[in-house]
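To start, the structure under review is shown below, and the notes come after it.
The values are calculated or read from the model by the stated rules, or taken from the named source; none is laboratory data. Only a predicted model underlies this, so the values are computations on that prediction, with no experimental measurement involved. Here the Cβ positions follow ideal geometry from the backbone for every residue, glycine too, while neighbour counts run over all protein chains shown. Keep in mind that these areas ignore ligands, DNA and RNA; they rest on the heavy atoms of the full protein, side chains included. Shrake-Rupley method; radii C 1.70, N 1.55, O 1.52, S 1.80 Å.
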Amino acid sequence: MAHMQAASAENIRRDIENLNQFNATPGDGITRILFTDQELKAREYIKKRMEETGLEVKEDAIGNIFGTLKGSKPNLAPVWTGSHIDTVPHAGSFDGMTGVVGGLEALRIIKESGNTHSRNIQVIVFTSEEPTRFGKGCLGSRALAGDLTQGETTGLSDETGMTLAQVLDRLGYDKKQFPDIKKERGDVHGCVELHIEQGAVLENIGKKTGVVTAISAPTDLIIEVEGTQEHAGATPMPMRKDAMTAAARMILKIEELARTSDNPSTVATVGKLDIFPGATNVIPGKVRFTVDMRSDSFEEKEQILHKIQKNAEALVEIEGVRISVSIVSHEHPASADKHIVDVIRDVCQRQNKEYNVMVSGAYHDSMFVSRFAPFSMIFVPSRGGISHHKDEWTDYEDIASGVDVLAETLLIMSNEEVKQK
Ligand code: GLV
Ligand code: MN
Ligand code: MN
């Protein structure tokens with residue numbers, strides 16, 4: 001085992017608490033949305049902490065931040081870790097931040113251990129893993145994978161109608177450098193992201209470490225139902241084309257399709273619903289809602305998507321409404337690299353840590369990193385499995401334990417001479 005001091009739970013606590021002062025909803029969870037005042041301040045905080053840790057700091061044209069610990073052979077492909085600092089609305093303190101702050105602490109103990117390492121090791125803040133502002137998640141890692149071009153940033157807009165391209169431009173990111181973001185296979189030796197589990201499996205089995213072998217992938221839809229906006233008192237029931245009741249039928253059908261699947265990783269959620277005009281005494285003329293469907297089987301998502309479309313066609317016939325189903329994203333599940341999984345397992349054994357090999361139901365930036373580099377993830381337990389909620393909690397000692405595994409894994413990978421596939 002490499003000689004390394006133990007990760008400091010106190011350092012991790014301090015950084016997470018400091019970061020979470022940048023919050024748009026104090027007292028009601030953490031809300032830090034991409035490129036808002038709070039998020040920009042959190043970026044500055046992390047850059048400052050990277051510098052204090054002795055890392056070289058760079059940012060690319062979509063705002064992915066790279067903190068580099070130089071190795072003795074900096075021309076070799078680097079080893080990556082990292083996660084995100086943006087949140088869903090009214091979130092907890094740990095989703096994403098654990099992997100950024102934990103990555104920083106891992107690089108600190110590697111550096112201070114005095115162990116030599118060949119490859120550069122980089123901790124990355126990926127831009128906007130959450131889809132909160134622009135409706136699409138993993139913007140930074142998506143661009144790294146070449147799945148978000150500069151042209152496409154002009155087609156993504158927030159609730160105020162501002163496009164991602166405009167926001168980036170306003171903040172001074174150079175759109176001419178956008179094509180340089182993309183990584184090719186071979187550019188990165190391997191990536192290990194530390195994250196909270198966001199489920200209750202580790203807690204239930206009493207283990208502190210999860211080793212991730214695959215990431216279940218989302219398919220995100222926006223469904224718009226158009227009926228006829230009319231008077232709620234004067235329009236008899238048989239004469240209505242109520243967009244809301246047609247939407248409700250669709251939503252229940254979507255729930256049934258996921259609930260009756262034999263695959264336990266298959267889930268579907270309608271988390272956002274807009275009703276127009278939204279008044280007590282007006283029959284809704286239009287309803288727009290989101291669908292977030294996930295599975296570790298791309299084929300099954302295809303089948304469910306087809307059934308949703310068929311259901312929409314049937315409702316158009318029966319209810320006389322119009323329905324459009326737009327696909328916002330339709331991602332492929334990602335398989336972790338067997339070699340990296342083995343390295344993490346070996347490290348856990350050497351550190352006498354019981355671990356659980358598992359599939360991630362939540363998605364992560366690693367899902368897009370998998371398109372150009374081998375990856376795995378390390379999970380630490382979430383109390384009660386609660387996440388995307390202000391009560392999200394992970395003990396700082398458990399994060400520090402995950403950082404110990406992460407640091408040794410990164411050190412081993414950074415001394416691997418052989419190129420990973
Ligand atoms: C990521 O936050 C997800 O929704 O899985
Ligand atoms: Mn999240
Ligand atoms: Mn996350």
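Keeping every protein chain present and rolling a 1.4 Å probe, give me the accessible area per residue for the stretch 191-333 in Å². Working shown, then result.
Details: 7080 Å² over 143 residues.
That works out to 49 Å² per residue.
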(request) Apply 1/(1 + (r/R0)^6) to the Cβ-Cβ distance of residue 256 and residue 228, taking R0 = 30 Å, and write down the FRET efficiency to the nearest 0.05. (result) 0.65
(request) Compute the Cα gyration tensor for the stretch 64-162, then decide on rounded, prolate or oblate, letting a ≥ b ≥ c be the square roots of its eigenvalues: rounded whenever a/c is under 1.5, prolate when a/b is larger than b/c in the other cases, and oblate in all that remain. (result) oblate
(message) Among the complete DSSP H segments of the chain, which ones combine at least 30 Å of alpha-carbon extent along their axis with a mean Kyte-Doolittle hydropathy of -1.0 or more?
(response) 298-319
(request) Choose one answer from 279, 314, 248: the residue with the largest mean-square fluctuation in a GNM of the chain with alpha-carbon springs under 10 Å. (result) 279
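Around residue 138, under 10 Å between beta carbons, what's the net of Lys plus Arg minus Asp minus Glu among the other residues?
Working: positive: 136, 142; negative: 129, 130, 147, 331, 365.
After counting each charged neighbour, the total is -3.
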(message) Taking all protein chains in place and a 1.4 Å probe, what share, in percent, of the accessible surface of the chain do carbon and sulfur account for?
(response) 50 percent
(message) Can you compute the modelled spin-label distance between residue 170 and residue 297, with each label point 7 Å from Cα toward Cβ, in nm?
(response) 4.5 nm
(message) If you take every residue apart from residue 274 with its C-beta less than 9 Å away from the C-beta of residue 274, what net charge results, scoring Lys and Arg +1 and Asp and Glu -1?
(response) +3
(request) Quote the relative contact order of the chain in percent (integer), defining contacts as alpha-carbon pairs under 8 Å separated by 6+ residues. (result) 24 percent
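Rounded, prolate or oblate: which fits the stretch 358-421, taking a ≥ b ≥ c as square roots of the Cα gyration tensor eigenvalues, rounded meaning a/c under 1.5, else prolate when a/b beats b/c? The partial results should precede the final answer.
Details: a/c = 3.62, a/b = 1.57, b/c = 2.31.
The shape class here is oblate.
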(message) Can you tell me, using C-alpha contacts under 8 Å and at least 6 residues apart, the relative contact order of the stretch 273-404 as a whole percent?
(response) 15 percent
(request) May I ask what percent, to the nearest 5, of DSSP beta bridges between residues of the chain are antiparallel? (result) 70 percent
(request) Compute the Cα gyration tensor for the stretch 160-291, then decide on rounded, prolate or oblate, letting a ≥ b ≥ c be the square roots of its eigenvalues: rounded whenever a/c is under 1.5, prolate when a/b is larger than b/c in the other cases, and oblate in all that remain. (result) oblate
(request) With no solvent and one equal point scatterer placed on each C-alpha of the stretch 14-97, evaluate the Debye formula and give log10 I(q)/I(0) for q = 0.25 Å⁻¹, two decimals. (result) -1.28
(request) Please list 359-369, 392-402, 262-272 highest first by mean number of surrounding beta-carbon atoms within 10 Å per residue. (result) 359-369, 392-402, 262-272
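Given a 1.4 angstrom probe, what's the average accessible area per residue across the stretch 358-410, in square angstrom? Write out the running numbers ahead of the final one.
Details: 1400 Å² over 53 residues.
Heavy-atom SASA per residue in the stretch 358-410 reads 26 Å².
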(request) Could you check which residue among 316, 343, 357 shows the biggest mean-square fluctuation in a GNM of the chain with a 10 Å Cα cutoff? (result) 316
(request) May I ask you to give the solvent-accessible area per residue for the stretch 36-100, in square angstrom, as obtained with a 1.4 angstrom probe? (result) 34 Å²
(request) Would you compute, from DSSP H runs of 4+ residues alone, the mean residue ellipticity of the chain at 222 nm, taking -39500 (n - 2.57) per run and dividing by the full residue count, rounded to the nearest 500? (result) -10500 deg cm²/dmol
(message) I want to verify a result. In a Gaussian network model of the chain, Cα cutoff 10 Å, which of these has the top mean-square fluctuation: 117, 389, 306?
(response) 306
